[in-house]
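First the structure, in the form of structure tokens, and then the observations on it.
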Amino acid sequence: MKSATKKLSTEIAETLTGKIEAVSAGSKQIKKSIEKAAAKLAKKVAKFEKENLKKKAKEAKNANKKVKDKKEGKKSKAQKAEKVAALVAAASSKTSVATPAKPTVGKEASAPKAAAPKVAPAKPVAVPKAETPAPASENA
């Protein structure tokens, strides 16, 4: 019985050893795959953080640009007001040019328009065609 027990215990020990080695080998593979996944995740996190920093920098730049534009807008309004004042002053200092009046012809032009009688539009009248006179060379 001792040999049977010894043989059985040896088989059990070998089986357990094989299984332990398989598990440890499997765990090594699992460990490697976990390390790969962690490396990929670390790269993605680094990329995400880099993009976040770029985005924040861009937003800050745009905010500064908006503030700068608002300040320039206020300056430009003041400058526009100064330009308008300068143009008005320049225009008022120049001699004014009289606007030309419509030319008048005869008494009819000087008569008020309200006094002019309204004439209904005439209907077209058919005019008979007149014969053209013969050239002078034929009659002579």
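For the stretch 31-43, take each phi angle, set θ = phi - 60°, evaluate the Karplus expression 6.51 cos²θ - 1.76 cosθ + 1.60, and give the result in whole Hz per residue in order, putting x for glycine and proline.
Ordered by residue, 3J(HN,Hα) equals 4, 4, 5, 5, 4, 4, 4, 5, 5, 4, 5, 4, 4 Hz.
I need 2, 43 ordered by Cβ neighbour count within 10 Å, fewest first.
2, 43
Any chance you could list P(r) for the stretch 4-74, counting all Cα-Cα pairs in 10 angstrom bins from zero, rounded to whole %?
For the stretch 4-74, the binned pair fractions read 16, 17, 15, 13, 11, 9, 7, 6, 4, 2, 0 percent.
Eigenvalues of the Cα gyration tensor times 5, then square-rooted: what semi-axes does that give for the stretch 22-62, in whole angstrom, largest first?
Semi-axes from the Cα gyration tensor: 39, 4, 4 Å.
Considering only 42, 24, 3, whose Cα is most displaced toward the positive end of the charge dipole of the stretch 1-67, charges sitting on Cβ of Lys, Arg (+1) and Asp, Glu (-1)?
Of the options given, the answer is 42.
Read the figures in this text as sums done on the coordinates, not as results from a lab. Given the structure is predicted, the values throughout are model-derived calculations rather than measurements. Backbone-built Cβ (ideal geometry, glycine too); neighbour counts: all protein chains shown.
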